[in-house]
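Here's the structure, in structure tokens; my notes come after.
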Amino acid sequence: MTAEMRSVMILKDDMGHLYYLVPPSNNVNVDIENASTLQGRFIFSGQLDPRATTLTLTTNSTHDPNNTWNTNPVLELTGIPVPR
């Protein structure tokens with residue numbers, strides 16, 4: 001799996017603000033080998049809106065999720081609570 005560059009790994013808060021991935025310098029495309037896992041922390045640009053209560057994380061948002069030949073899957077995790 002590849003999450004290509006910062007513009008396609010995005011956090012969006014429930015207030016409508018977008019926070020773009022700051023790609024790690026040693027893995028700018030966030031490549032994950034087949035049958036492997038990824039552990040670590042991602043950094044996103046900007047400061048969360050203090051009114052935000054939930055986030056949505058989307059990867060490869062510029063790709064067509066219905067394309068069965070796509071090797072860069074679109075993943076969307078919704079309802080991520082913002083700890084305060």
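So the values come out like this:
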| read-out | value |
| --- | --- |
| Cross-chain or 6+ apart pairs with Cβ under 9 Å, the stretch 28-40 first and at positive phi, then modelled with pLDDT under 70 and outside any loop (DSSP other than H, G, I, E, B) | Val30/Thr2 |
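Yes or no, residue by residue, for (1) at pLDDT below 70; (2) closer than 23 Å to Gly79 by Cβ:
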residue	(1), (2)
Met9	no, yes
Asp13	no, yes
Val30	yes, yes
Thr37	no, yes
Phe42	no, yes
Leu55	no, yes
Asp64	yes, no
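The values are calculated or read from the model by the stated rules, or taken from the named source; none is laboratory data. This structure is a prediction, so every number in the text was calculated from the model and none was measured. For neighbour counting, all protein chains shown are included, and Cβ atoms are generated from backbone atoms with ideal geometry for every residue, glycine included.
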